Structures are given as C-alpha cells and as structure tokens.
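What follows draws every value from the coordinates through simple rules; no lab data is involved. All values derive from a computational prediction rather than experimental measurement. Cβ atoms come from the backbone with ideal geometry, glycine included; neighbour counts cover every protein chain shown.
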Amino acid sequence: MPESIHKVLVEPITLEDYADVRESMLSAYEDSGLSVWGEETIKKLIKLFPEGQLGVRVDGKIVACALTLIVDSVNLKDKHSYLEVTDNYTFSTHTREGDILYGIEMFVHPKYRGQRFGRRLYDARKQLCEDLNLKAILFGGRIPHYSQHSSEMKPRTYIEAVRRREINDPVLNFQLSNDFRPVRVLQGYLPGDAHSMEYAVLLRWDNVMYQGKPTHERKQQVIRLGLIQWQMRTVSGIEQLFEQMEFFVDTLGSYVSDFAVFPEFFNAPLMAPFKELSEPNAIRKLAEFADPIRQKGCELAVKYNVNVILGAMPQLDGDTLRNVGYLCRRDGTYEPYGKVHVTPSERDAWGMVGVDTIKTYDTDCGKIGILICYDVEFPELGRLLADQGMRLLFVPFQTDTQNGYVRVQACAKARAIENECYVAIVGSVGNLPRVKNMDIQFSQSAVYTPADFSFPTNGVKAEATPNSEMVLIADVDVSLLRELHFYGSVRNLKDRRKDLYDLRLLEG
C-alpha cells in the first residue's frame, strides 16, 4: 500500500499511459502465467473505443485498468472463448451499433489493492453502459483458485461453493459483490490460464435504464451501389464533362443509391487539347482540373444525396505528380485518397509517384476502402484495410486491354474472398483518339462477393455489359458479412495463423 495518496481519478487512458499500464499489468499477473498486452494492441483499443478504456490515475500514475469493447448480442455465441470475442486481438467484433459492453481486461497493481479501485472501475463501466444506452455488461471472469479444487469438483459446483462462501475465490467473490450474476461456465476460455484450468464464468450486469436501440441509430444493413461505366468521348471543355457527371449522379440519386462511383482517369477527355505537348506536360495540364472536379463532386453529392467517389485523376502536389481521387460525402465533407502503387507506364511516361497512406474512410454506410486499379493487385493492402474494419472495397480502374482487365478482375475476386468483403470495380469504355497513353479502354464493371452459401455461387453479385456505357446498380447486405465472419463455411480473417505470421503498417 502506498504511504499516501493525494489525488485519485477514474478516466480514459491515453497513448502516453502505456508504460504505467504495462507496469501495473506485469505486477498484477506476475504469478499467473498470462502474457502482458503489447503497446500496439493497447493503441488499437484506444483508437477504436477511447471512452471504453478506463484507468485509475493515482497522483498522475495509472495503477488499475479496465478495457472494454461494444459487441452485438446477435453475433455473440452463448459459448465463446476470449480469442473469439476479441477476434484474436484484432477487435473486429467491436461495433458502435452493438448492445453489449464486453469487459476484456481488468487488473489492479498489487501495491494499490485494498483501495476499492476495482469497484471504482466497475462503477465507471456501469455508468458508461447507461450513458451509451447498452443492454448489459458481460465478461468472462477468471476463477484462479479452481485449480486447487479441480480434482474434487466440477466448475459449476465450485462456483456454487464460492457463492455460498464455502470456498474463497477473491476474484469471483469480488465480481459477485459488484452485482454481477453468473450466466454459464465457459470452457477453454482463456488459453494459458492454468490457475483457472482455462475455465471462466460468464458474468452479467443488466442495465435497468436500457431503452432499446431506435432503428435509426443503427447503420443501414442493405447498401445500394451505383457504378458508372463511363464512356470516353471528346468534350468541348470542363462544363460538358460536368454535364455528363451530373447526368449520372442525378440518375443514381433517383434510384436512391448510396454511392455513385466513377472510374479512374474518367476526366481524360480534357487532355485532348494538349495533344501537341509531351506526355509528362500534357498530364500535368490535366492535373489542373482536379480541384474544380472535386468541387463539382461535392456539390453533386449534396444535391442528389449520394456519396460520390471520384475515381482517380492526376494531381500536382508542388512538383510531385500523384494519382488521387476524392470521396465526396453527401453531408458535404470530403477526403482525398491516392494510388499507392503506380504502374511502370505511369512512372515512365508521366513521372508519377505513389502516395504513402493506407486507410479506411468513414461514411454513413460504415467504413469503406478504396484501392485504385493496380493497387488491388497487392493483397497486403486489402488485408490492412480489412483489419481496420473495411467491409466495402471500391476499385476505380482504367485498363486498355482485356489482359489488363483480367488482372484487376481476378485480384478483386480474391480480395472479396480473403477479406470477407464486397468489392466493386468500375472502369471506362470507348476510345480517345487524340489522347496519348489512354486511347483505348476495356471494361466490365462488377460487384464481387465472398463465395459462401449466403452469396451467389460464383461470387458475382452483378456485372455490367462489357464495353458498353451504362450504370450498374446492386444492393449488398453487410449483415451477411458479419454472419460469414462468425459462422461461414470458411473464416479467412479469423483462421489466420498469427502465431506464424502477421501484417502491419510500418511507423512513419
């Protein structure tokens, strides 16, 4: 016990608190055989659910911690393990649309035990549960004294003996005294918990203030995609291009689409007047149109209530030429995204370089990913986005020949299966006789799905007519992806051997 305590706060931990968190965890689990959480894992939790990662701060130092997720009771199996509820520490089970606050960690530095800091954390969790209007708190509670009695009684008998105070189990006694009730025994819950013989007690506290989840609070489950298979044609100027853009966004808005997606380099017709220039100079002249096209895209998104994905187009950042598009949300906000891997042709003919950002984008339909053409041929990018919570992947592309198209198509189908997501690809058709390096086009826009019983047998939700100007409209149900993740015939994301390999973004 510390000699004196001057100030105690219960508040969310920060990224700067990891050293304190690690020290307290090491001390708390010194004799348990359980491993200590790494810094990157704690950072991921704080980023996902900052208000749910609570700590007791004593005179500026974190000495106790309670970590939590929000999960959906629909997807939570009655009998589950710790690895299942955390999805092998990826925390993809966390969802703001869930109804259960699930406790995944609680510890107090031994030096500070006896100060009722654990009770403060439980009270803070209960308050958070009420504030977020969640149905209940659940967690798998350890029974660390069970190993001393396992030869003479089953776990259920042991729990009853603890409840009757015939056996002292300080962890379970503490949880029961904080109004948590046992629901069931979980076998094989926490690997390596020898003291509990890998058993746990599923404990529950019900929020009597729970009002139910209004329907409008949940993100929509069925999302309508509108893919614009764009006809390359000569235009007199940017206003004619805008007229064509507005026609398609207006059309998709009238069909109540959630997204209107343009292909890569759909603005290429604006390069025709610069045909006498060298290719590097001509593409830089085209880059001058990026900003007004972005402004038009944002205007159309709000006007027609559609999230507009502006394909990709050349853009200058100082003297650096990149391939960049824009997500124009229907609430008026926008974000840029860029091509990470430029093709040899883009690099050699234009001097284009790749961007250094790999991230998902928040929309009113959930997190989405956008990979421009060649990027979809690198499986690492799709996996990184899936680990960030992406369930819709958009691939605006431009291919001149059928073999180039097949590379995009085949890789997009693979990304849908391995990342348990929908993948929408959209390209251009037609010819541009006065534009070098983009004179011919080959495209068949499509929406691909994982290959399981809830989806089309061939993994193709919808396909456009090859090489014809048209819009392709398809409805996708993201709830089917959640079912696949937990109950599919195969579970690619869950079954990765992270004990053998891992994938991560490099710092800086």
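Between segment 76-131 and segment 236-266, the alpha-carbon centres lie 46 Å apart. Sorting the segments 386-392, 305-311, 194-200 by their mean number of nearby beta carbons within 10 angstrom, highest to lowest, gives 305-311, 386-392, 194-200. Each stretch of four or more DSSP H residues adds -39500 (n - 2.57); spread over every residue of the chain, this sum gives -8000 deg cm²/dmol at 222 nm.
Report, in listed order, any pair from 7/126; 44/498; 339/461; 43/296; 126/359 with a Cα-Cα distance greater than 28 Å. With Cα atoms farther than 28 Å apart: 43/296; 126/359. Overall, the chain carries a charge dipole of about 1080 debye about its Cα centre when +1 sits on the Cβ of Lys and Arg and -1 on the Cβ of Asp and Glu, all other atoms neutral. In loop segments of segment 409-508 as defined by DSSP, the GluC sites (Glu not before Pro) with at most 16 further C-beta atoms inside 10 Å of their C-beta are 507. Over segment 260-412, the fraction of Cα-Cα pairs per 10 Å bin, rounded to whole percents and listed from the shortest bin up, is 11, 40, 36, 12, 1. Charge dipole (Cα centre; +1 on Lys/Arg Cβ, -1 on Asp/Glu Cβ; no other charges) of segment 222-487 amounts to roughly 160 debye.
With both residues required to sit in the chain, DSSP beta bridges show an antiparallel share near 70%.
Based on alpha carbons, the Rg and Dmax found for the chain are 27.1, 92 Å. Using all C-alpha to C-alpha distances in segment 8-215, build P(r) with 10 Å bins and read off the rounded percent in each one. Here the calculated profile for segment 8-215 is 8, 35, 40, 16, 1, 0.
Above 23 Å, the calculated P(r) of segment 208-311 contains 39 percent of its Cα-Cα pairs. The ellipsoid that matches the Cα gyration tensor of segment 222-487 has semi-axes, each √(5λ) in whole angstrom, of 28, 20, 18, with the longest given first. As a proxy for reagent exposure, ranking 313, 25 by other Cβ atoms within 10 Å from fewest up yields 25, 313. Cross-link reach is defined here as a Cα-Cα straight distance under 19 Å, omitting same-chain residues fewer than 8 places apart; for residue 303 none of the lysines meet it. Label separation (residue 84 vs residue 164): 3.1 nm, computed from points 7 Å beyond Cα along the C-beta direction. Among 184, 383, sorting on how many other beta-carbon atoms sit within 10 Å of each Cβ, with the fewest leading, yields 184, 383.
As a proxy for reagent exposure, 487, 146 were ordered by neighbouring Cβ count within 10 angstrom, fewest first; the result is 487, 146.
For the pair segment 474-492 / segment 268-327, the C-alpha centres are spaced 36 Å from each other.
Computed over segment 387-435, the P(r) curve from all C-alpha pair distances, binned at 10 Å from the origin, holds 23, 46, 22, 8, 1 percent per bin. With the largest listed first and rounded to whole Å, the semi-axes of the equivalent ellipsoid of segment 143-211 from the Cα gyration tensor are 22, 14, 10.
With the gyration tensor restricted to C-alpha atoms of segment 336-466, the semi-axes of the equivalent ellipsoid amount to 25, 19, 12 Å, longest first.
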